[in-house]
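One structure is given below, encoded as structure tokens.
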Amino acid sequence: MIDRLISIPRLNQPLLFHKWEKFVNGEPINEDSVFVETMRGWQRSKEYGIAPHKLSFNILSESELAGRRARIQELFTLYEPHLETIKKTVCTHSSSYYILLADHEGYVLHVDSDQDSAQKMHFIPGTCFAERFVGNNAIGSVLATGVPLTVIGAEHYVQALQQWTSVGAPILDGQGNMLAVIQVSVPCGMEGPYTFSITVAAAKAVEARYIQRQMASQLQEISNNLSQLIQQREIIFNAMSQGVLIINKDCVVTFFNKAAEKIWDAPASEAVGKKFHCLRSPKCSRDESFLVRTIREERPFTNLECNCTNGHHDINLLVNTSLFRDENNAVAGAIGIYTDVTLMRRQEARIREQEKLAVIGQMAAGVAHEIRNPLTSVRGFAQLIRERMDCKNSSLKEYMEIMIQEIDQADSFINNFLQLARPKPPQMQQCSLNDLVIQFIRIFESQAFLRGVKIITKLQELPLIVIDIGQIKQVLLNLCQNALQASTVSGTITIVTEYLYKDKEACLRVIDDGPGISQEDLDKLGTPFYTTKDTGTGLGLSISYAIIDRHHGRMEVKSRLGEGTSFCIYLPVDIQF
């Protein structure tokens, strides 16, 4: 038998074609006169039921082709540098050629050819050259045998392929599994002596480089296994709802889990490697954080609450810390676990407010009824007396006017009182919060002008929100009147709007530069009848809190003595009532 691994022999094609005709017609032939692999290929093709005179393809869709190409992209990257070498070798003997790369199932994924050959339709991307579809050929037979081989002219079982001589060489992984096949095809009779060897050499080079990468990958995997405890730590900590932060003995952040990213509003990539005190937020009111103190004092802290601000609003963190020690029992670092209890504290505050309002409501329902009835009678008689007085009793008539005004003021107070007992349901409609503020400022600005106070607005672009316009205006009026009364001549009231995209909230702030509110008074804000003003009723903020609560929002207050006060209203923008 001719050694076909050394060179490509020039076979007697007419004689081979005659033997092929006899085989496909079922006539007996002398098998010894045909190469062994050729005869086996014909037999396999016949068993598959391949039609020898008709070439039919199984072709991938564009999406399937793209998917298969993506899966061998790494292999193609290794194969591509050898393509030019193969092309130069083939072109020394033939101006027509095809160079194909097929995957482990025989689907052609990449085709390189001369311009004339490119017009022919046999070798196109997405075509499957497995033997079960097109009979024996270089790609299909390499897949069937696992070794490099050549199929020359009439050695092809399907007649349409017999115009080509094709060399196929497999690319295997480190375990001997088929990855891909390189096929080089030239017109039959244009074979070069080095086509086979250069194709096999290219396949072996790609294979060696791929195996080298596999080994590097395996070494990396071994390295990864050595750090398995670290990986497990990250998985567990990132699944926690609490923020987990680890620092070394120099207070440099070494670990930052997903929940910590939300609390600090910073990605782990930005936090890790920085000193703990360099993290931008949340800012703690304490001079030194518990985690840093854990390192300095070499002791843990348990269940300590810390009030912080993250730039938009206050957050409450429950802090637990613990120490790490090295093999010499020296401090190596510390871990801090931060539980965001802000929502829980807000809910507790809301429950307290609702309890206050419930008590006041029960009082209001009975007391207002008992007071309003006699007041109505008194006002009616006062009005009747006023109308029946003549001009000579002008002083008494003036007294009647004063009585009626005072009765109306008392009635207004009762109306406010009843709002706590029987709150009016909000009439929701979609509107622009900025437009509402602008309309309100036009009315309120004159009051501020008379007091020598300047109104400043800083309105950011906001999405439309669904609110009761009248009730929100009432809240804004209450806050602005409080700010105006707290301001001195030449003072300023700043009204700010902004959209908190992350929280899906619209924020409305009323800020004054007045004397501020003490911590003792801050804790009592919103309590019905509690007021620091000589003429106040103590109901304005209570009603405001109730209105914002009915809008599923919240109100926060920040104040420092001598620096002023900021009331922040947060309203949801994605809730439809």
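The values are calculated or read from the model by the stated rules, or taken from the named source; none is laboratory data. Note that the coordinates shown come from a computational prediction; the quantities given were computed from them, not determined experimentally. Using ideal geometry, Cβ is built from the backbone for each residue, glycine included, and neighbour counts are taken over all protein chains shown. Heads up: the accessible areas ignore ligands, DNA and RNA and are worked out on the full protein's heavy atoms, side chains in. Shrake-Rupley method; radii C 1.70, N 1.55, O 1.52, S 1.80 Å.
Take the range 482-504 and flag every residue that is at pLDDT below 90 and either open to solvent by 30 Å² or more (accessible area, probe 1.4 Å) or within 25 Å of Gln427 (Cα to Cα) (or both).
Asn482, Gln485, Ala486, Thr488, Val489, Ser490, Leu500, Tyr501, Lys502, Asp503, Lys504 - these are the residues of the range 482-504 that are at pLDDT below 90 and either open to solvent by 30 Å² or more (accessible area, probe 1.4 Å) or within 25 Å of Gln427 (Cα to Cα) (or both).
How about the range 257-283: which of its residues are open to solvent by 70 Å² or more (accessible area, probe 1.4 Å) and under 17 Å from the mean Cα position of the chain (by Cα)?
Listed by number, the residues that qualify are Lys258, Lys262, Ser269.
Can you tell me how many residues in the range 523-573 are at pLDDT below 85 and over 23 Å from Thr497 (Cα atoms)?
Going through the range 523-573 one residue at a time, the tally reaches 15.
Of Thr254, Thr302, Thr294, which residue is touching a Gly at 6+ places or on another chain (Cβ under 9 Å), of a type in the set (S, T, N, Q) and open to solvent by 60 Å² or more (accessible area, probe 1.4 Å)? Walk me through it before giving the result.
Working: Thr302 fails: touching a Gly at 6+ places or on another chain (Cβ under 9 Å); Thr294 fails: open to solvent by 60 Å² or more (accessible area, probe 1.4 Å).
None of the other options fit; the residue is Thr254.
When Arg286 is evaluated against the numbered criteria (1) touching a strand residue (DSSP E or B) at 6+ places or on another chain (Cβ under 6 Å); (2) closer than 19 Å to Thr342 by Cα; (3) open to solvent by 70 Å² or more (accessible area, probe 1.4 Å), which criterion, by number, is the only one it fails?
Among (1) touching a strand residue (DSSP E or B) at 6+ places or on another chain (Cβ under 6 Å); (2) closer than 19 Å to Thr342 by Cα; (3) open to solvent by 70 Å² or more (accessible area, probe 1.4 Å), Arg286 violates only (1).
Restricting attention to the range 446-467, which residues are modelled with pLDDT of 90 or more, of a type outside the set (Val, Ile, Thr) and farther than 18 Å from Ile511 by Cβ?
Glu461, Pro463, Leu464
Among the residues of the range 413-440, write down those that are among the aliphatic types (A, V, I, L, M) and either modelled with pLDDT of 90 or more or touching a Pro at 6+ places or on another chain (Cβ under 6 Å) (or both). Show your work before the answer.
Initially, the range 413-440 is screened for residues among the aliphatic types (A, V, I, L, M), giving 414, 418, 420-421, 428, 433, 436-438.
Passing the criteria: Leu433, Leu436, Val437, Ile438.
Any residue that is in a loop (DSSP other than H, G, I, E, B) and under 17 Å from Thr165 (Cα atoms) - is there at least one of those in the range 100-119? Spell out the reasoning first.
In the first step, residues of the range 100-119 are kept if they are in a loop (DSSP other than H, G, I, E, B); the result is 104-106, 114, 119.
Then drop every residue that is not under 17 Å from Thr165 (Cα atoms), which leaves 114.
Checking the range 100-119: at least one residue is in a loop (DSSP other than H, G, I, E, B) and under 17 Å from Thr165 (Cα atoms).
Report, by residue number, each residue of the range 1-49 that is of a type in the set (A, V, I, L, M, F, W, C), open to solvent by 70 Å² or more (accessible area, probe 1.4 Å) and at pLDDT 75 or above.
Keep residues of the range 1-49 that are of a type in the set (A, V, I, L, M, F, W, C), which gives 1-2, 5-6, 8, 11, 15-17, 20, 23-24, 29, 34-36, 39, 42.
Imposing the further condition that a residue be open to solvent by 70 Å² or more (accessible area, probe 1.4 Å) reduces the set to 1-2, 5-6, 15.
Selection gives Leu15 alone.
So which of His82, His93 ends up being in the same structural domain as Gly189 (by the TED database) and open to solvent by 80 Å² or more (accessible area, probe 1.4 Å)? Walk me through it before giving the result.
Details: His82 fails: open to solvent by 80 Å² or more (accessible area, probe 1.4 Å).
Sole residue among the options that is in the same structural domain as Gly189 (by the TED database) and open to solvent by 80 Å² or more (accessible area, probe 1.4 Å): His93.
Mind counting the residues in the range 205-219 that are out of contact with any strand residue (DSSP E or B) (no Cβ under 8 Å at 6 or more places or on another chain) and either in contact (Cβ under 8 Å) with a residue 24 or more places away in the chain or closer than 16 Å to Gly146 by Cβ (or both)? Outline the logic, then answer.
Let us first name the residues in the range 205-219 that are out of contact with any strand residue (DSSP E or B) (no Cβ under 8 Å at 6 or more places or on another chain), namely 205, 208-209, 211-219.
Imposing the further condition that a residue be either in contact (Cβ under 8 Å) with a residue 24 or more places away in the chain or closer than 16 Å to Gly146 by Cβ (or both) reduces the set to 205, 209, 211, 213-215.
So the answer is 6.
Just to be sure I understand the filter: pairs with C-beta atoms under 7 Å, separated by 6 or more residues or on different chains, first member in the range 52-65 and assigned to a helix (DSSP H, G or I), second member of a type outside the set (A, V, I, L, M, F, W, C). Which pairs pass?
Between residues of the range 52-65 that are assigned to a helix (DSSP H, G or I) and residues that are of a type outside the set (A, V, I, L, M, F, W, C), the close pairs are Leu65/Pro125; Leu65/Gly126.
Which of the following residues is without any contact (Cβ under 8 Å) to a residue 12 or more places away in the chain and β-branched (Val, Ile, Thr): Ile247, Ile236, Ile335, Ile295?
Working: Ile247 fails: without any contact (Cβ under 8 Å) to a residue 12 or more places away in the chain; Ile335 fails: without any contact (Cβ under 8 Å) to a residue 12 or more places away in the chain; Ile295 fails: without any contact (Cβ under 8 Å) to a residue 12 or more places away in the chain.
Selected residue: Ile236, the only one of Ile247, Ile236, Ile335, Ile295 that is without any contact (Cβ under 8 Å) to a residue 12 or more places away in the chain and β-branched (Val, Ile, Thr).
Report yes if Glu270 is acidic (Asp, Glu) and assigned by the TED database to the domain that holds Ala330, otherwise no. Quick ask: steps written out before the conclusion?
Numbers: acidic (Asp, Glu): yes; assigned by the TED database to the domain that holds Ala330: yes.
Yes, satisfied.
All but one of (1) free of Cβ contacts under 8 Å to residues at least 60 places away in the same chain; (2) crowded, with 20+ Cβ neighbours inside 10 Å hold for Gly135, so report the exception by its number.
(1)
Table: residues versus (1) open to solvent by less than 10 Å² (accessible area, probe 1.4 Å); (2) charged (D, E, K, R); (3) at pLDDT below 95; (4) more than 19 Å from Leu60 (Cβ to Cβ).
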| site | (1), (2), (3), (4) |
| --- | --- |
| Tyr98 | yes, no, yes, no |
| Leu101 | yes, no, no, no |
| Asp112 | no, yes, yes, no |
| His122 | no, no, yes, no |
| Pro125 | no, no, yes, no |
